[in-house]
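The values are calculated or read from the model by the stated rules, or taken from the named source; none is laboratory data. This one's a predicted model, so the numbers in the text were calculated from it and none came from an experiment. We place every Cβ from the backbone using ideal geometry, glycine too, and count neighbours over all the protein chains shown. Heavy atoms of the whole protein, side chains included, go into the accessibility calculation; ligands, DNA and RNA do not. Shrake-Rupley method; radii C 1.70, N 1.55, O 1.52, S 1.80 Å.
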Amino acid sequence: MTAISDEQWETLRSHAREAMTKAYAPYSKFPVGVAALVDDGRIVTGANIENASYGIGLCAECSLVSDLIMTGGGSLVAFACVDGDGNTLMPCGRCRQLLFEHSAPGMLLETLSGIKTIDEVLPDAFGPRTLRTYQESH
Ligand code: THU
């Protein structure tokens, strides 16, 4: 786990708020913005992008993961998510799984009940190691 300063959290929140202004959420009218610190010091961001076919709308975390991969990859160290008022929002269950895939060990998230690690919000996660362990023994 890499602890980050209050100032860095504020920077992440402000990037998430800026990203939120780019959301395309005409159906739910619930814009979401996210930002994360990468292990090389980059900040990546995302916003939700909905679709007339409601079920295929993309959560903000999807566009953050695309930003991560398209700008050079790496692992996420700390993550913040905000709603349309700029207040902290908890990532949905599916998005915790998306984040887990790209998380540095002990990645930190800002939650409604304080700073938590990815392992606290997605205990006993299924992930790349689960697959590797199985594949190595077969
Ligand atoms: N949403 C996100 O972008 N991320 C989350 O973690 C929670 C939900 C979006 C999806 C949808 O566009 C809107 O919020 C309402 O569910």
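Starting from the 7 Å offset along Cα-to-Cβ, what nm value, one decimal, do you get for the label separation of D39 and I4?
Here the answer is 1.5 nm between the modelled labels.
Beta carbons within 10 angstrom, averaged per residue: use that to sort the peptides 104-117, 2-15, highest first.
Top of the packing list down: 104-117, 2-15.
How do D85, D39, D67 stack up against each other in accessible area, from largest to smallest, with a 1.4 angstrom probe?
The ordering from most to least exposed comes out as D85, D39, D67.
Could you give each residue of region 133-138 its phi-based ³J(HN,Hα) in whole Hz, using Karplus coefficients 6.51, -1.76, 1.60 with θ = phi - 60°, and x for Gly or Pro?
The phi angles translate into 4, 5, 5, 5, 9, 10 Hz.
What residues qualify as long-range amide H neighbours of V77, i.e. H under 5 Å apart, gap of 5 or more or another chain, H built at 1.01 Å from N?
Here L37, V38, D39, A104 satisfy the definition.
Would you mind telling me which residue in M20, M70, M90 has the biggest mean-square fluctuation in a Gaussian network model of the chain, where springs connect alpha carbons within a distance under 10 angstrom?
M70
With a cut-off of 8 Å between alpha carbons and a minimum separation of six or more residues, what is the relative contact order of the chain in percent?
21
Starting from region 10-78, pick out the chymotrypsin sites (Phe, Trp or Tyr not before Pro) whose DSSP state is loop and whose Cβ has at most 14 other Cβ atoms within 10 Å.
In loop regions of region 10-78 (DSSP not H, G, I, E or B), the sparsely surrounded chymotrypsin sites (Phe, Trp or Tyr not before Pro) are Y27.
Rolling a 1.4 Å sphere over the protein heavy atoms, what is the accessible area per residue of region 6-136, to the nearest Å²?
Result: 54 Å² per residue.
Note down the Stokes-Einstein diffusion coefficient of region 6-136 in µm²/s, whole number, using a Kirkwood radius over alpha carbon pairs, 25 °C, and 0.890 mPa s.
Taking Rh from Cα pairs, D becomes 165 µm²/s.
Given a 10 angstrom Cα cut-off, can you work out which residue in E120, E61, E101 is the most mobile in a GNM of the chain?
Taking springs between Cα atoms under 10 Å, the residue moving most is E120.
Each label point is 7 Å from the Cα along the Cα-to-Cβ direction; what then is the distance between the points at K116 and T130, in nm?
Taking the simple label geometry, K116 and T130 are separated by 1.8 nm.
Could you pull out the trypsin sites (Lys or Arg not before Pro) across region 14-70 that fall in loop regions by DSSP (anything but H, G, I, E, B) with no more than 15 other Cβ atoms inside 10 Å?
Counting only loop positions with at most 15 other Cβ atoms within 10 Å, the trypsin sites (Lys or Arg not before Pro) in region 14-70 are K22, K29, R42.
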